[in-house]
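Every number in this text was worked out from the coordinates using simple rules, so none of it is lab data. Predicted, not measured: the structure shown is a model, and the values here were computed from it. For neighbour counting, all protein chains shown are included, and Cβ atoms are generated from backbone atoms with ideal geometry for every residue, glycine included.
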Amino acid sequence: MNDNTHRPQAISLANVRISEGFWGERQAVNRDRTIPAIYDQLVRSGRIDGWDVTKQRERPKKRSVVDMFWDSDSGKWLEAVGYSLLTHPNSVLEKQADELIAQIQKAQQADGYLNSYFTMVEPENRWRNLRDWHEMYNAGHLMEAAVAYYQGTGKRTLLDVLSRYADHIDQRFGPREGQKRGYCGHPEVELALVKLYQTTGERRYLTLANYFINERGKQPNYFDIEARERGDDPADFWAQNYRYCQAHEPIRDQQTATGHAVRACYLYAGVADIALETDDQELLEVSRRLWDNLTQTQMYLTGGLGPAHSNEGFTFAYDLPNETAYAETCASIALVFWAHRMFHLDPDGRYIDVLERALYNGVLSGVSYEGAHFFYANPLTSYPNVNPYEHWSGITSERHYHREEWFNCPCCPPNLARLVASINGYFYSITADTVYIHLYNSNHAHFEVQETAIHLDQRTNYPWDGEIQFSLQLEQPTQFTLALRIPGWCRDYELQVNGTKISDAPIAGYVRLNRQWQNEDKVSLSLKMPVERMISHPQVRMDVGQVALQRGPIVYCLEESDNGSNLASVYLPQDAPLTASLDKELFGGVSVITGDALRIVPLQWKGELYQPQSVTQYTQSPLKFKAIPYYLWANRMPGEMRVWIQQR
Ligand code: FUB
Ligand code: ZN
């Protein structure tokens with residue numbers, strides 16, 4: 001494997017302390033509400049007891065794949081706790097986590113195998129269906145938990161357990177004589193094995209991840225082989241096609257992002273990891289190709305991914321329906337994971353632009369403001385009785401779409417919790433001589449450059465305004481580059497060092513300030529944040545004639561609470577001035593956008609479902625509209641919501 005010291009590395013979340021501002025508040029809610037609420041749900045749904053080998057686990061009357069990935073839910077919760085404990089010790093959470101880890105340890109089999117369902121419910125079916133049954137997916141989430149818990153507490157019980165399990169998988173799967181040439185239908189273990197390698201130094205884990213990435217989709221297809229071994233006909237696969245799980249062809253041949261969106265982005269994150277760790281130029285090109293395809297033709301304005309319910313994933317280019325958008329919270333989270341890795345593989349701010357878009361919009365909409373209710377699907381338009389998530393399971397909602405406390409398939413809530421708990425780790429990256437600043441929020445970071453300890457303090461009210469102040473504390477004057485990200489959404493900015501204006505242009509998304517930095521140096525960055533009317537590529541047929549409002553990284557929406565119902569009848573005149581202001585009363589103080597719009601409705605509807613326009617009269621009434629951040633919708637009175645608004 002290659003020396004990657006020239007590449008940027010993320011500054012660990014242990015070195016970045018966020019105590020206030022937007023993320024300070026979100027992290028506090030995550031710690032105080034979200035993580036405990038998820039634990040309660042894990043208990044109530046049997047997932048915690050499900051690990052207890054002394055208790056009989058009932059064989060469900062109807063076999064459900066969701067029961068097979070219970071372990072992943074505990075894994076993601078443990079991971080969230082691990083990250084959270086790193087910055088905020090909490091004896092209650094730590095005790096709950098330690099007790100759960102003790103049960104997990106006891107559930108590990110003599111040969112290292114670890115899976116609550118296949119140990120206690122279907123022991124005869126271990127490793128018989130990698131395509132559908134999620135064993136390695138569970139393993140991956142537990143490995144990520146083990147790494148986080150070790151980082152957060154220094155306790156290595158779970159890390160040792162998962163290392164033994166990784167050894168078990170490594171013995172069983174691979175290219176060697178007597179091994180099965182399998183890989184998981186739901187990618188996840190690949191990126192987790194890379195983390196396990198990075199934490200333990202055990203290279204076999206990296207080799208195994210590399211094998212899984214490269215073996216996927218080769219002929220004869222492993223999923224066909226194992227189906228026949230089970231006595232099944234591969235043609236009976238419900239998804240009908242291995243594009244669903246990105247195993248239709250080897251990754252190096254894949255041209256477009258395809259199939260189940262979460263699987264896709266977890267896989268691509270693993271591909272980027274392998275490209276980075278092994279310096280594989282072809283995989284770098286594959287990553288860039290898939291990235292461009294996904295972000296340029298298949299991504300919602302909110303960073304949501306996957307319009308379709310049927311495969312929880314992608315369909316075709318520019319197919320981005322708003323009202324029925326699936327846009328699973330986990331898919332936007334997975335996009336954040338992938339984007340972060342892409343930056344480290346191919347340092348360019350364009351990846352962080354997408355990361356930021358997904359984070360502030362498609363990810364955060366997945367959790368309520370108070371922190372204990374969740375969205376699984378994240379549509380961009382909502383009307384009564386349209387529930388994208390329930391639609392998938394064949395039930396039509398009788399209420400407005402709203403966040404739920406839990407789901408039958410609760411993959412999203414703990415995924416969100418682990419990302420929010422670890423957001424500190426996304427702020428900065430470092431090379432031998434450059435410190436990249438990716439995200440803006442008040443925080444205090446410390447790191448070393450050229451063996452000099454440096455403290456960097458960042459103060460801002462971002463994302464509500466673009467004024468950011470930095471101050472540096474250094475033990476001694478040190479030459480290095482401070483690379484400040486100029487977000488893709490920003491077309492005008494001002495930068496000063498110690499009061500002197502700097503007019504350098506950004507290179508690959510970052511203004512690079514190379515100088516001998518002194519103690520108490522100050523940098524101020526002012527990112528101009530006008531309200532923008534966004535339009536879609538002309539081939540996104542659903543958005544033609546409509547605009548969406550965006551300010552800074554935040555996408556806005558109209559809600560019935562502020563604007564009345566029938567939002568489809570609201571038109572924004574092309575020349576209407578749009579004003580951004582801080583609404584101190586709303587959700588602790590957020591920026592809203594106001595302006596004058598028109599509501600245009602037929603005066604008296606004479607016909608049945610359709611009538612000639614020639615007999616129709618319209619009323620046009622002024623509307624003082626108010627748009628709120630999209631991620632905050634559905635936190636007040638239930639009602640309609642629209643991101644894309646008619647313009648005339
Ligand atoms: O299959 C495990 C998880 O459940 C997926 O990542 C989600 O999309 C949901 O299907
Ligand atoms: Zn999910």
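Beyond 31 Å, what percent of the Cα pairs of the chain remain? Before the final figure, lay out the partial values.
On the way: 110449 of 209628 pairs.
Percentage above 31 Å: 53.
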Computed Rg/Rh for the range 1-113 (Cα atoms; Rh = Kirkwood radius) stands at 1.07
Residues of type lysines that Lys195 reaches as a straight line, Cα spacing below 28 Å, ignoring anything fewer than 8 places off in the same chain: Lys76, Lys95, Lys106, Lys155, Lys180, Lys218
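With a/c under 1.5 counting as rounded, go ahead and sort the range 428-527 into rounded, prolate or oblate using the C-alpha gyration tensor (a ≥ b ≥ c being the square roots of the eigenvalues; past the cut-off, prolate if a/b is larger than b/c, else oblate). The partial results should precede the final answer.
Details: a/c = 1.60, a/b = 1.46, b/c = 1.10.
Because a/c hits 1.5 or more and a/b exceeds b/c, the range 428-527 counts as prolate.
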For Gln479 and Ile507, calculate 0.36 nm times their separation in residues minus their Cα-Cα distance, and state this gained length in nm to one decimal. 8.2 nm
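What FRET efficiency do you get for Asp583 and Tyr318 if R0 is 30 Å and r is their Cβ-Cβ distance, rounded to the nearest 0.05?
Efficiency, rounded to the nearest 0.05: 0.30.
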Mind giving me the nanometre distance, one decimal, between the label points for Arg181 and Leu603, set 7 Å out from Cα along Cα→Cβ? 7.5
How large are Rg and Dmax for the range 121-215 when calculated on the C-alpha trace, in angstrom? 13.0, 40
For the range 531-647, what is the convex hull (Cα atoms) projected area averaged across all directions, in square nanometres? 8.7
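Run lengths n ≥ 4 of DSSP H only: what is the helix-derived mean residue ellipticity at 222 nm for the chain, with -39500 (n - 2.57) per run over all residues, to the nearest 500?
Details: 18 runs with 211 residues, N = 648.
After summing the helix terms and dividing by residue count, I get -10000 deg cm²/dmol.
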Ranked from highest to lowest mean number of other Cβ atoms within 10 Å per residue, what is the order of the peptides 303-315, 597-609, 255-267? 255-267, 303-315, 597-609
His6 versus Trp238: modelled label distance in nm, points set 7 Å from Cα along the beta carbon direction: 4.8
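Can you pull out the GluC sites (Glu not before Pro) in the range 394-484 that DSSP calls coil and that have at most 13 other Cβ atoms within 10 Å?
Details: sites: Glu398, Glu404, Glu405, Glu448, Glu451, Glu467, Glu475; in loops: Glu398, Glu405, Glu451, Glu475.
Answer in residue order: Glu398, Glu451, Glu475.
List the GluC sites (Glu not before Pro) within the range 1-106 that DSSP assigns to loop and that have no more than 12 neighbouring Cβ atoms inside 10 Å. Working shown, then result.
Working: sites: Glu20, Glu25, Glu58, Glu79, Glu94, Glu99; in loops: Glu20, Glu58.
Passing both the DSSP loop test and the Cβ count: Glu58.
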Taking the Cα centre as origin and putting +1 on Lys and Arg beta-carbons and -1 on Asp and Glu beta-carbons, what dipole magnitude results for the chain, to the nearest 20 debye? 560
